[in-house]
Amino acid sequence: MRLDLSLYLVTDPEMCAERGLEDTVAAAVRGGVTLVQLRDKHASDAELVPVARRLKTVLAGSGVPLLINDRLEVALASGADGLHIGQDDGDVDDARAALGPDAILGLSVQTHEQLARIEAGKLDYLGLGPVFATPSKHDHAAPLGFEGLAALVDASPLPTVAIGGLKAEHVEAVRQTGANGLAVISAICGKPDPEAAARDFFQPAAPSMPRR
């Protein structure tokens, strides 16, 4: 399945609760989301497997892959298209061996030291961040800012997606760093109209008003 990191949606069960996870994801994909990651830090594997299967049904025919955050067993049991793991959430070698060569496998990277240790041949992309501090993750590393993001992108041997407090207004700044796309949570899941929120990421920035 084609890997397009342009607009990467990471789901949040609380933010999606009012509309429903499946409806939120379906609307976001209509708006242009190119990749979906199912993330739920509190549900058990047994609870997440049927959720992942329902999302696979929602995404069927769209060409948009479904990745699972951290839970290798959920990815395998649900037939998801791949897995995303953090620095402390599993071993890249073990994940690749279990998933096989065709699954998508991504890894979170916050520092140049972590970047230097990756095995690029086992991974498909890197998630770089946080660019900004974000309430969705309380134990995150120090924010990179766009300058720090650009430095990591420049050193990365793999495609990259920026994450951490990003909104539609940041698209051009992220593009300028060389990253392949943005990963967002609240900027889509936290909006009353996820389809319109996703479309906002593809709108050209409004020209600045001339000073009088």
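The values are calculated or read from the model by the stated rules, or taken from the named source; none is laboratory data. Quantities reported herein were computed from a predicted structural model and do not represent experimental measurements. Heads up, the Cβs are rebuilt from the backbone with ideal geometry, glycines too, and the neighbour counts pull from every protein chain shown. Calculation scope for accessible area: heavy atoms of the full protein, side chains included, ligands and nucleic acids excluded. Shrake-Rupley method; radii C 1.70, N 1.55, O 1.52, S 1.80 Å.
A viscosity of 1.567 mPa s and a temperature of 4 °C, combined with the Kirkwood radius over Cα pairs in Stokes-Einstein, give a translational diffusion coefficient for the range 90-135 of 111 µm²/s. Within the listed set Arg175, Arg39, Arg71, the Gaussian network model of the chain (springs between alpha-carbon atoms below 10 Å) gives the highest mean-square fluctuation for Arg175. Taking one quarter of the surface of the convex hull spanned by the alpha-carbon atoms of the range 137-206 gives a direction-averaged projected area of 5.4 nm². For the range 70-193, the Kirkwood estimate of the hydrodynamic radius, built from every pair of different alpha carbons, is 15.1 Å.
Between Ala120 and His42, how high is the FRET efficiency from 1/(1 + (r/R0)^6) when r is the Cβ-Cβ distance and R₀ = 25 Å? Nearest 0.05. With a Förster radius of 25 Å, E is 0.20. Taking a straight line from the alpha carbon of Lys122, these aspartates and glutamates sit under 14 Å away, with near neighbours fewer than eight places off in the same chain left out: Asp91, Asp93, Asp94, Asp102. Within the chain, what whole-number % of the accessible surface is contributed by carbon and sulfur, with the 1.4 Å probe and all protein chains included in the calculation? Carbon and sulfur together cover 50 percent of it. Mean projected area of the convex hull spanned by the Cα atoms of the chain, taken over all viewing directions: 12.1 nm². Looking at the chain, the accessible area is 50 square angstrom per residue; that uses a 1.4 Å probe and ignores ligands, DNA and RNA.
Full extension of the chain between Gln203 and Arg53 gives 50.8 nm of extra length, using 0.36 nm per residue less the Cα-Cα distance.
Note on the chain: GNM, Cα springs under 10 Å; of Ala43, Ala196, Ala28, the largest mean-square fluctuation is that of Ala43.
The separation of the range 158-197 from the range 42-117, counted between C-alpha centres, amounts to 20 Å.
Estimated from helices alone, the mean residue ellipticity of the chain at 222 nm is -9500 deg cm²/dmol (sum of -39500 (n - 2.57) over DSSP H runs with n ≥ 4, per residue). When peptides 15-23, 146-154 are sorted by average Cβ neighbour count within 10 Å, with the highest value leading, the order is 146-154, 15-23.
The ellipsoid equivalent to the alpha-carbon distribution of the range 13-84 has semi-axes of 18, 15, 10 angstrom, derived from the gyration tensor eigenvalues as √(5λ) and listed largest first.
If you model the range 158-197 as an ellipsoid using its alpha carbon gyration tensor, with each semi-axis the square root of five times an eigenvalue, the axes come out at 20, 10, 8 Å, biggest first.
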